[in-house]
Amino acid sequence: MALGTLWMIDLGLAAASIVVLALLLVIYRSNFRSLRSPLSFGLIVFAALFLLENLAAMYFYLSWNDSLSTSGYAGSVAMPMLILNAVELVGFSTLLLVSWR
């Protein structure tokens with residue numbers, strides 16, 4: 001299973017998003033313990049669902065790589081996903097920066 005360059009970047013961006021989301025979960029859990037507000041609980045659910053989405057994305061990148069490579073769609077799928085993952089990571093990182101303060 002030879003992963004292309006774009007797929008490797010996609011995997012790296014998804015992994016970075018997972019790290020950022022895990023940090024957000026730690027912050028949100030701490031806030032929920034002290035505040036007990038519905039907003040804090042909603043933020044925990046938000047971060048957990050996006051964490052699950054990124055774990056699923058990594059799984060699909062690895063499992064679909066071979067089938068997309070043989071069909072010729074690998075490049076046409078990898079580039080849009082790379083853009084989406086990059087924008088997602090910037091958004092999560094901004095949220096982490098704001099939440100950390």
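Values quoted throughout were computed directly from the atomic coordinates according to the rules given, and no laboratory measurement underlies them. The shown structure was predicted, so the numbers you read here are calculated from the model rather than taken from an experiment. No Cβ is skipped: glycine too gets one built from the backbone with ideal geometry, and neighbour counts run over all protein chains shown.
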Notebook entry, point to check: For helix 5-35, what angle does its Cα long axis make with the longest principal axis of the chain, in degrees from 0 to 90 and rounded to 10?
Noted result: 10 degrees
Margin query: Run the helix sum for the chain: -39,500 (n - 2.57) per DSSP H stretch of 4+ residues, divided by residue count, reported at 222 nm to the nearest 500 deg cm²/dmol.
Written below: -33000 deg cm²/dmol
Next item on the list: Treat the count of other C-beta atoms within 10 Å as a stand-in for reagent exposure and order Val77, Val90 from fewest to most.
Entry: Val90, Val77
Check: Can you put Glu53, Glu88 in order, fewest other beta carbons within 10 Å first?
Finding: Glu53, Glu88
Check: Percent relative contact order of the stretch 5-100, based on C-alpha pairs within less than 8 angstrom and at least six residues apart?
Finding: 50 percent
